[in-house]
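Let me begin by presenting the structure, written as structure tokens, before commenting on it.
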Amino acid sequence: MKNTYIVFALFISILFLTQCKKSESNAEKQTIITYPITGQFGNNILAMSDSVVINPSLTFSFVANLQVDATLKVIMTNLSTGGKAVWFFDPVSNQNWNISTYNTTLDQQTFSFKIGSSLDLSMTFADTLGKCKIDFFENNSQSPSKSKYLIWHFIKK
């Protein structure tokens, strides 16, 4: 009877330790992505609420922080009419983004994770009325993890 108790206690201990190691291993492979309110260049476009109206005379950040094993792709689609309302980024400010050439057929541009854990970019917008859709593809998702709209409009004082 004593041997059965020892074997049972050993079995439970091994099971408990195995589960602890799995939890530690999962904790090491975090795939969390955060979008700070501000970045090095101003308020963060990626953290703004849906359908917010921004002033195109300001400079903005395009910033995300990725934990271990996280991936991110952001697609901006221009929904403006007239072809003059667009966004601009400063290539010198680029920190860890792969940026596609603007696709004039689809009216969109893709920004994806390159290297590092902190991504930032200085962005500005044309001095006209404009609107775009921002689709987030987090952690290799094939469909958008979330989407939102951004509107820019120069407000005269």
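Please work out if Q109 is surrounded by 19 or more Cβ atoms within 10 Å (Cβ to Cβ) and assigned by TED's automatic domain parsing to the domain that holds S61.
Working: surrounded by 19 or more Cβ atoms within 10 Å (Cβ to Cβ): yes; assigned by TED's automatic domain parsing to the domain that holds S61: yes.
Answer is yes for this residue.
Residues in region 116-150 that are surrounded by fewer than 20 Cβ atoms within 10 Å (Cβ to Cβ) and in a loop (DSSP other than H, G, I, E, B): 13 in all.
For (1) modelled with pLDDT of 80 or more; (2) surrounded by fewer than 10 Cβ atoms within 10 Å (Cβ to Cβ); (3) touching a Cys at 6+ places or on another chain (Cβ under 7 Å), each residue gets a yes or a no:
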position	(1), (2), (3)
N3	no, yes, no
I32	yes, no, no
F41	yes, no, no
L46	yes, no, no
S49	yes, yes, no
N55	yes, no, no
A64	yes, no, no
Q67	yes, no, no
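If you go through region 39-94 and keep only what is among the aromatic types (F, W, Y) and assigned to a strand (DSSP E or B), you end up with F60, W87, F88, F89.
For region 99-115, name all the residues that are assigned to a strand (DSSP E or B) and β-branched (V, I, T). Within region 99-115, I99, T110 meet the criteria.
The values are calculated or read from the model by the stated rules, or taken from the named source; none is laboratory data. This is a predicted model, so every value here is computed, not measured. Counting neighbours? That spans all protein chains shown, and the Cβs are built from the backbone with ideal geometry, glycine included.
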